[in-house]
Amino acid sequence: MVVLEPDDGLGPDTTVGLGLARADLGHIETVPRSAMPHGTFLDTAAGLPGGEGEVVHPDLFSEDGLDPRHREVAARLGYAASYALPLSTETAGRIGAAVWLYDEPAEPVERRRHLAGLYVRFATEHLARLLDTERTRACMATVYEELLPSRLPRVPGVQLACRHRTGPRGGGDWYDALPLPDAALGLAVGSVTGSGPGAVAAMGRLRASLRAYAVMEGEDPVAVLSDLELLLRLTEPARCATALFAYCEPELRRITLAGAGHSPPLLVGERRTEFVETSVSAPLGMLACWEAPSVEFQVAAGETVLLYTDGLLHRTGDPADRAFARLQAAAASVPRARRHDPEAVADHVLHTVLPDDQDVTGGREDVALVAARFE
């Protein structure tokens with residue numbers, strides 16, 4: 001049994017056991033921790049007596065001071081002895097404890113103690129690295145979440161839903177939805193090149209700038225992306241970015257959009273499931289000057305427009321044409337009874353295109369998906 005509980009209190013905290021079911025671990029957790037062998041390490045300040053070394057209980061049931069609950073649980077689970085070692089390194093400090101449980105009175109001989117010590121030393125170093133990676137991933141995910149909209153706006157005539165999955169290093173995929181003057185709505189998705197903190201920071205700057213440009217000239221998506229391209233070229237000359245901005249007029253169910261190297265939106269309705277025809281254009285920052293015409297189209301009542309980032313296609317591992325066909329088929333297969341709910345549409349598309357066991361990239365690609373249903 002391994003109990004992870006880092007000394008710094010930053011987690012993650014967990015208990016796992018080889019040969020111990022979840023219910024067995026639950027029984028062990030009902031024993032006062034001070035009575036368990038790992039409690040000697042975890043409840044003792046690092047560096048103080050009792051915080052290092054080993055804890056041996058060669059015959060639990062013969063011990064006069066054995067906690068009654070510990071005796072009951074040991075009898076239920078069928079162990080009669082235990083041997084415990086701390087999991088600690090000089091750099092990471094103490095991160096937990098490892099406990100061996102024996103089904104009869106016993107204690108390891110010197111050779112086995114030596115092997116257990118070697119095992120624990122190497123395992124602790126590996127666990128410390130995994131712990132550091134997990135904390136970094138969690139931190140990047142938190143930063144990523146904070147840079148995206150905390151909630152979607154409520155605009156009469158349209159219902160919104162969004163879904164996003166972040167890669168382990170954090171990437172540059174983003175989405176946005178913001179109310180604009182004259183009861184209009186701006187929708188955007190995009191991605192910047194690279195991954196890690198630099199890409200996340202660049203994504204945040206790009207999204208914030210697009211919001212400002214959208215408020216000033218959102219009715220002209222080409223102007224919005226042109227301003228964004230100029231900003232990217234001046235402030236991030238080593239990066240490229242794809243982006244799509246749509247100016248929506250819910251009352252008229254009319255959308256005007258422009259894209260820069262981005263995949264076209266997908267229309268999902270009762271009578272059609274098709275991609276919007278957009279002009280071919282280069283990503284922002286790739287050419288000396290970006291330029292592409294806008295596209296205007298009508299949305300029928302009850303239809304949903306899906307905007308998505310390329311990570312949704314890349315995660316399938318399929319060639320581009322097959323990935324697009326897979327996405328279209330997933331949207332067409334949304335049950336008719338659920339098409340009135342953009343949340344249900346987004347979930348169905350995401351889970352159909354990317355079943356957990358068919359994500360060939362291992363989740364490395366970011367994914368952002370926005371569903372807008374027009375009433």
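Below is a table of values for the structure above.
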quantity	calculated
Whole-number Å³ per residue for the convex hull built on Cα positions in the chain	183 Å³
Order of exposure, largest accessible area first, which applies to Arg22, Arg336 with probe 1.4 Å	Arg22, Arg336
Coil-residue trypsin sites (Lys or Arg not before Pro) of the stretch 204-276, DSSP, other Cβ within 10 Å capped at 15	Arg271, Arg272
Using alpha-carbon coordinates, inclination of helix 221-235 to the longest axis of the chain, degrees	50 degrees
Where Met36, Met1, Met286 fall by accessible area, highest first, once all protein chains stay in place (1.4 Å)	Met286, Met1, Met36
Net length gained if the chain between Asp59 and Asp318 were fully extended (0.36 nm per residue, minus Cα distance)	87.3 nm
Rg to Rh, two decimals, where the stretch 230-297 supplies the alpha carbon set and Rh follows Kirkwood	1.06
Label-point separation, Asp7 to Glu107 (7 Å along Cα→Cβ), nm	2.6 nm
Relative contact order (percent, whole number), the chain, Cα cutoff 8 Å, 6+ residue spacing	14 percent
Estimated [θ] at 222 nm from DSSP helical runs (n ≥ 4, -39500 (n - 2.57)) normalised by residues in the chain, nearest 500	-11000 deg cm²/dmol
Rounded tilt (10° steps) of 320-332 against the dominant C-alpha axis of the chain	90 degrees
Share of Cα-Cα pairs in the stretch 268-375 lying beyond 24 Å, as whole percent	32 percent
Accessible area (Å², 1.4 Å probe, nearest 10) - Glu72	90 Å²
Solvent-accessible area per residue for the stretch 248-375 (1.4 angstrom probe, square angstrom)	46 Å²
FRET efficiency for Ala238 and Leu118, using Cβ-Cβ distance with R0 set to 51 Å, rounded to 0.05	0.65
Loop GluC sites (Glu not before Pro), the stretch 258-317 (other Cβ atoms within 10 Å of the site Cβ: 14 or fewer; DSSP)	Glu270, Glu277, Glu291
Order of exposure, largest accessible area first, which applies to His262, His164, His314 with probe 1.4 Å	His314, His164, His262
Globularity index of the stretch 195-237, i.e. its alpha-carbon radius of gyration over 2.2 N^0.38 Å	1.18
Within the chain: Cβ-based charge dipole about Cα centre, in debye rounded to nearest 20 (Lys, Arg +1; Asp, Glu -1)	580 debye
Where Rh is the Kirkwood radius over Cα pairs, Rg/Rh for the stretch 141-266	0.95
Accessible surface of the stretch 122-262 [probe 1.4 Å, protein heavy atoms]: carbon and sulfur percent	55 percent
Net charge contributed by nearby residues that have their C-beta within less than 12 Å of Leu327 (K/R +1, D/E -1)	-1
Under 5 Å, built H, 5+ apart or other chain: amide partners of Gly302	Phe374, Glu375
Distant-in-sequence amide H partners of Thr89 (H built 1.01 Å from N, under 5 Å)	Arg94, Ile95
Computed label-point distance, nm, for sites Arg33 and Glu343 using a 7 Å Cα→Cβ extension	3.6 nm
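The values are calculated or read from the model by the stated rules, or taken from the named source; none is laboratory data. Here the structure is a predicted model, which is why all the values come from computation and not from measurement. Here the Cβ is made from the backbone with ideal geometry for all residues, glycine too, and neighbour counts use every protein chain on show. Heavy atoms of the whole protein, side chains included, go into the accessibility calculation; ligands, DNA and RNA do not. Shrake-Rupley method; radii C 1.70, N 1.55, O 1.52, S 1.80 Å.
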